[in-house]
Amino acid sequence: MHVTQIELESLPALHAGVDEVGRGPLAGPVVAAAVVLDPERPIAGLADSKKLSEKRREQLADEIRKYALAWSLGRAEVEEIDDINILQASLLAMQRAVAGLQLAPELVLIDGNRCPALEYPSRAIVKGDSLVPAISAASIIAKVSRDREMCGLDAEYPGYGLASHKGYPSKKHLEALNSLGVTPVHRRSYAPVRRVLDRQE
């Protein structure tokens with residue numbers, strides 16, 4: 001569902017934006033964020049996190065944490081992704097992010113075309129991370145948080161390049177999987193990982 005400028009202006013002041021990051025990677029958790037921005041303290045430059053430089057995302061993440069009325073992170077672990085599939089794990093991470101808010105939103109706006117089951121009214125917005133500032137803010141702090149975690153996992157599991165590709169199936173990552181094998185942070189239900197495991201059996 002697309003939103004118009006008029007609709008954006010008529011949103012309740014206490015609306016939460018929700019987005020997740022990490023559906024495509026072969027390793028690591030899926031991380032979601034929920035953010036309620038302060039209408040009295042708008043943050044300039046909010047945009048889809050994928051369209052921002054790493055430095056700009058870090059700067060904006062600090063501002064969001066400082067000036068938002070409320071923000072929260074939620075996640076689903078690798079084991080959960082393998083157990084219930086990535087779509088359901090993404091929805092679960094979003095549920096957990098919203099549940100962690102210290103403020104009850106009047107409306108929850110979800111990036112994409114599916115809403116998780118929530119105790120608040122919700123609406124899915126396609127390309128919401130480019131259209132709704134609160135969703136942009138959620139996409140930024142979710143990505144910054146997950147990227148930092150993947151850099152930590154890179155130190156724990158050297159050789160895979162997790163700090164550079166963040167777990168996505170880059171050529172380097174696929175080569176490392178084939179030569180070094182599967183780690184505990186890899187998603188076993190994903191085809192490239194499954195193929196390596198099948199060869200080892």
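Every number in this text was worked out from the coordinates using simple rules, so none of it is lab data. All values derive from a computational prediction rather than experimental measurement. Here Cβ is always computed from backbone atoms with ideal geometry, including for glycine, and neighbour counts include all displayed protein chains.
Does Glu20 count as closer than 18 Å to Glu149 by Cα and over 14 Å from the mean Cα position of the chain (by Cα)?
It is false that Glu20 is closer than 18 Å to Glu149 by Cα and over 14 Å from the mean Cα position of the chain (by Cα).
Determine, yes or no, whether Leu92 is over 30 Å from Tyr160 (Cα atoms), surrounded by 13 or more Cβ atoms within 10 Å (Cβ to Cβ) and without any contact (Cβ under 8 Å) to a residue 60 or more places away in the chain. Walk me through it before giving the result.
Values: over 30 Å from Tyr160 (Cα atoms): no; surrounded by 13 or more Cβ atoms within 10 Å (Cβ to Cβ): yes; without any contact (Cβ under 8 Å) to a residue 60 or more places away in the chain: yes.
So Leu92 does not fit the description; no.
Being assigned to a loop (DSSP other than H, G, I, E, B), in contact with a strand residue (DSSP E or B) (Cβ under 8 Å, 6 or more places away or on another chain), within 30 Å of Ser170 (Cα to Cα) and not aromatic (Phe, Trp, Tyr) is true for just one of Arg75, Arg23. Which residue is that?
Working: Arg75 fails: assigned to a loop (DSSP other than H, G, I, E, B).
Answer to the selection: Arg23.
Condition check ((1) touching a residue at least 12 places away in the same chain (Cβ under 8 Å); (2) within 14 Å of Leu26 (Cα to Cα)) across all residues:
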{"site": "Pro158", "(1), (2)": "no, no"}
{"site": "Gly161", "(1), (2)": "yes, yes"}
{"site": "Lys166", "(1), (2)": "yes, yes"}
{"site": "Glu175", "(1), (2)": "no, yes"}
{"site": "Asn178", "(1), (2)": "yes, yes"}
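If you scan segment 117-135, which residues turn out to be over 16 Å from the mean Cα position of the chain (by Cα) and within 21 Å of Gln88 (Cβ to Cβ)?
Ala117, Leu118, Glu119, Tyr120, Ser122, Arg123
Only residues in segment 67-88 that are free of Cβ contacts under 8 Å to residues at least 24 places away in the same chain and surrounded by 17 or more Cβ atoms within 10 Å (Cβ to Cβ) count as the first member; pair them with residues that are not in a helix (DSSP H, G or I) and not polar (S, T, N, Q), Cβ under 9 angstrom, at least 6 apart or cross-chain, and list the lot.
Close Cβ pairs satisfying both conditions: Glu80/Pro29; Glu80/Val30.
Which helices (runs of 4 or more DSSP H) does segment 97-201 wholly contain that include 3 or more residues that are within 20 Å of Lys50 (Cα to Cα)?
128-131, 133-156, 162-165
Quick check on Leu11: is it touching a residue at least 12 places away in the same chain (Cβ under 8 Å), surrounded by 14 or more Cβ atoms within 10 Å (Cβ to Cβ) and more than 29 Å from Tyr157 (Cβ to Cβ)?
Answer is yes for this residue.
Do the conditions hold for Ile64, that is, is it of a type in the set (A, V, I, L, M, F, W, C) and out of contact with any Phe, Trp or Tyr (no Cβ under 9 Å at 6 or more places or on another chain)?
no
Which residue is nearest to the chain's Cα centre (by Cα), if the candidates are limited to segment 45-56 and must be assigned to a helix (DSSP H, G or I), under 16 Å from Asp111 (Cβ atoms) and of a type in the set (D, E, K, R)?
Of everything passing the filter in segment 45-56, Lys50 is nearest to the chain's Cα centre (by Cα).
Within segment 111-143, how many residues are of a type in the set (A, V, I, L, M) and either surrounded by fewer than 18 Cβ atoms within 10 Å (Cβ to Cβ) or in contact with a Ser or Thr (Cβ under 8 Å, 6 or more places away or on another chain) (or both)?
5
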